[in-house]
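First comes the structure, then the notes that go with it.
The values are calculated or read from the model by the stated rules, or taken from the named source; none is laboratory data. The structure displayed is predicted, hence computed values, not measured ones. Neighbour counts are summed over all protein chains in view; Cβ atoms, including those assigned to glycine, are modelled from backbone coordinates with ideal geometry. Note: areas computed on protein heavy atoms with side chains; ligands, DNA, RNA excluded. Shrake-Rupley method; radii C 1.70, N 1.55, O 1.52, S 1.80 Å.
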Amino acid sequence: MITEKLVVTTIEESKGEISRAAEIIRNGGLVAMPTETVYGLAANALNEKAVSDIFAAKGRPQDNPLIVHISNIEMLNNLVSDIPSVAQKCISKFWPGPFTAILPKSDIIPSSVCAGLDTIAIRMPSNPIARALIEKSGVPLAAPSANLSGSPSPTTAEHVLLDLDGKIDAVIMAGKSDVGVESTVVTFAVNPPRLLRPGGITAEQLRKIIPELVIDKAVFSEPEKGKPVASPGMKYKHYSPKANVIIIDSNAEKYAEYVNGHTGEDVYALCFDGDTESLVAPCISYGNENDSAEQATRLFDALRTLDNQGCKICYARMPKTQGVGLAVYNRLIRAAAFEVIKL
Ligand code: TXA
Ligand code: MG
């Protein structure tokens, strides 16, 4: 299959490309679309065949449910059987934006979208191109991140093509994702609501609306083997570069001392801006130490770069875990298969 590359600048200037993408969706095809978080691999959520093609293109395990993307609130009412009032408050506050609500599902959604669960994950993205595509397609769009299962999520159309060129119908080429990590996922199917995946909407923001919010253990730690997990996606190693990533939890001085004492062939440092001068190993910075939002936009690209350069062992500096930093840490600790050295 030849993957169409649809370059979109603004909605006004790229009407033809967006119409073409919507036509592909209506015909049951797969289109990678930009969102404010990461690129998503979109298909008509009501079309079982298209949904099964998403799983096939990504090599995604069948038991990992998809997020359904909507462009207006009317679409939500058809997809869910109940909206608890606390969910309604969060939706009003955080949509459109990087926030996914898990709610009891209605019957119109094929069970494969939700991996057989009785709940559905829904999000209204703020990216205007994503919204225009949903609107034009006229259907809700199931869209996981547009990467091969197990590799870092794509924050550019080029990342998408590296993983999926020739496997999907089209890619909308529209520059870099703003947030850079996937949406915050909260389930309202349990009481109190539970944060399953941290993202662009922070735990601190959520707690203003849901003081009793529970943070799922899987956010910080490796799920126990064989035990059920609230969010199936969390049990996979995920965001996983080929390199063996080890997180070093320390200050800049101790980090440099440790990494300089463990140099070798294809050993890299994934560090912060100011660290590079004191390191002898090849370094890739993922941003300013105190700027979690910047780290979020750079982390996945940095992980892909490490792989491209042939990195075998990577010592990554531990990010701060406040605000969006919790999402950065959550992704990095999965890339590191939960290996952290505290100095
Ligand atoms: O920002 C995002 O959320 C991106 C963009 C494209 O919107 N999408 C994304 O999708 O990250 P994906 O499939 O890579 O991650 C969806 C996560 C998985 O961890 C999955 O297990 C969880 O949401 N999930 C989906 N439906 C669920 C459900 N009904 N119950 C629990 N977890 C669910
Ligand atoms: Mg994903």
DSSP-loop GluC sites (Glu not before Pro) across region 234-343, with at most 10 other Cβ within 10 angstrom
GLU265
Helix-derived mean residue ellipticity, 222 nm - over the chain, DSSP H n ≥ 4, -39500 (n - 2.57), to 500:
-9000 deg cm²/dmol
Backbone HN-Hα couplings from phi across region 268-281 [Karplus 6.51/-1.76/1.60, Hz, Gly and Pro as x]:
10, 10, 9, 10, 9, 3, x, 6, 4, 5, 8, 9, 8, 6
Bridge type composition, the chain - antiparallel percent by DSSP, nearest 5
35
Using a 1.4 Å probe on the protein heavy atoms only, what accessible surface does ARG26 show? Give it in Å² to the nearest 10.
130
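Only Lys, Arg, Asp and Glu count, each charged at its Cβ (+1, +1, -1, -1), so figure out the dipole size of the chain about its Cα centre, rounded to 20 debye.
760
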Taking amide H positions as placed in the peptide plane 1.01 Å from N, state which residues far from VAL245 in sequence (5 or more) or on other chains have amide H under 5 Å from it.
CYS314
Fraction of alpha-carbon pairs in the chain farther than 35 Å apart, rounded to whole percent, equals 20
Going through region 201-309, which chymotrypsin sites (Phe, Trp or Tyr not before Pro) have at most 15 other Cβ atoms within 10 Å and a DSSP loop state?
PHE220
Most mobile of VAL139, VAL51, VAL280 per a Gaussian network model of the chain (Cα springs, under 10 Å)?
VAL280
Around ILE120, which amide H atoms from residues at least 5 apart in sequence, or from another chain, sit under 5 Å from its own amide H, with H modelled in the peptide plane?
LEU103, LYS105
Label points 7 Å out from Cα along the Cβ direction at LEU117 and GLN205: separation in nm?
2.1
Zone residues, region 181-200, relative to LYS320, backbone N less than 18 Å from point 7 Å out along Cα-to-Cβ:
199-200
Filter on LYS49/LYS225; LYS176/LYS320; LYS227/LYS320 - keep pairs with C-alpha separation over 25 Å
LYS49/LYS225; LYS227/LYS320
Taking a point 7 angstrom from the Cα of PHE220 along the C-beta vector, which residues in region 308-343 have backbone N less than 17 Å away?
318-334, 338-343
